Structures are given as C-alpha cells and as structure tokens.
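Participant: Dropping a structure here in structure tokens format, bear with me for questions.
Taken together, the values in this text are just the output of simple stated rules run on the coordinates, not laboratory data. Because the structure is a prediction, the values reported are computed rather than measured. Cβ coordinates were reconstructed from backbone atoms using ideal geometry, including for glycine residues, and neighbour counts include every protein chain displayed.
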Amino acid sequence: MDFLDWQRGRLSSRRLSVLIEHLPRDSAVNRALHGETAEWSVTDHLLAAVVDHLAAANWLFTSVHSDDPPDPPTPVPRPGDSAPEESRAEPDPPPASADLARFFGRG
C-alpha cells in the first residue's frame, strides 16, 4: 500500500481514514498520538487492577493480624503516571491496627 496514492487520486479519503483508524495498537501512529497508553490493552489495565487489589487485600489482612503493620503496597505503574515521585501528593497514613481490628469487628 502506497499512501501517496491518496495524493495521486487512486485512494479515497474515506479509505485512507479507515486504514489509519484500524492500524494496530502498537503502530507508530498510535504511539505518536497516544503515547505509551497505546501499548496497554484493556487486559493489561484489568490485570494491573487485579494485582493492586490483591496487594491491598493482603496488606489489610497482614495489618489486622500483626502488631507491626507493613507499609502499604505500591500500585502497579500505569501509562501516563510518569509524574516524578517528588511532585506526587503524599498518601494518607495507613490506619492503625486497632482501627482495622475495630472495622473488621475484632476489637
């Protein structure tokens, strides 16, 4: 396929638009338009969410059942989250073990 055919009149604008619209996710055009978010599929985003939720659940369980709660888990980095660590807002401090135990009806 020669994209100069559009300029020569052998390729319609509609056909060119359809070809560009249906380029693969990892194409140079999609990466130029959408950055690194073009490299992540819906499955990748869902898998990252599952990993984050599982880490949070394990952290909650460990926090409730230990005297010295661990540090909260770090979420899986997502495309577009490339802000420097210094500029990110500080997260809320983790709840105390007694608060977690009371929340789960153990205190």
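Participant: Write down the Kirkwood hydrodynamic radius of the chain, to one decimal in angstroms, obtained as one divided by the mean of 1/r over all alpha carbon pairs.
Facilitator: Values: mean 1/r = 0.0546 Å⁻¹.
Across the chain, the inverse of the average 1/r is 18.3 Å.
Participant: What FRET efficiency comes out for Ala96 versus His34 if R0 is 35 angstrom and r is the Cβ-Cβ distance? Round to the nearest 0.05. Please list the in-between numbers first.
Facilitator: Numbers: r = 42 Å, r/R0 = 1.21.
So, using R0 = 35 Å, E works out to roughly 0.25.
Participant: Right, another one. When a footprinting reagent is the concern and you count Cβ atoms within 10 Å, what order do Arg102, Arg14 take, fewest first?
Facilitator: On the way: Arg102 12, Arg14 8.
Starting with the residue having the fewest Cβ neighbours, the order is Arg14, Arg102.
Participant: Here's another thing I want to ask about it. If we count every other residue with Cβ under 14 angstrom of Asp44's Cβ, Lys/Arg +1 and Asp/Glu -1, where does the sum land?
Facilitator: Numbers: positive: Arg25, Arg78; negative: Asp26, Glu36, Glu39, Asp52, Asp81.
My count for the surroundings of Asp44 gives -3.
Participant: Debye sum, Cα scatterers, region 1-51, no solvent: what log₁₀ I/I(0) at q = 0.28 1/Å?
Facilitator: So the normalised log intensities are -1.01.
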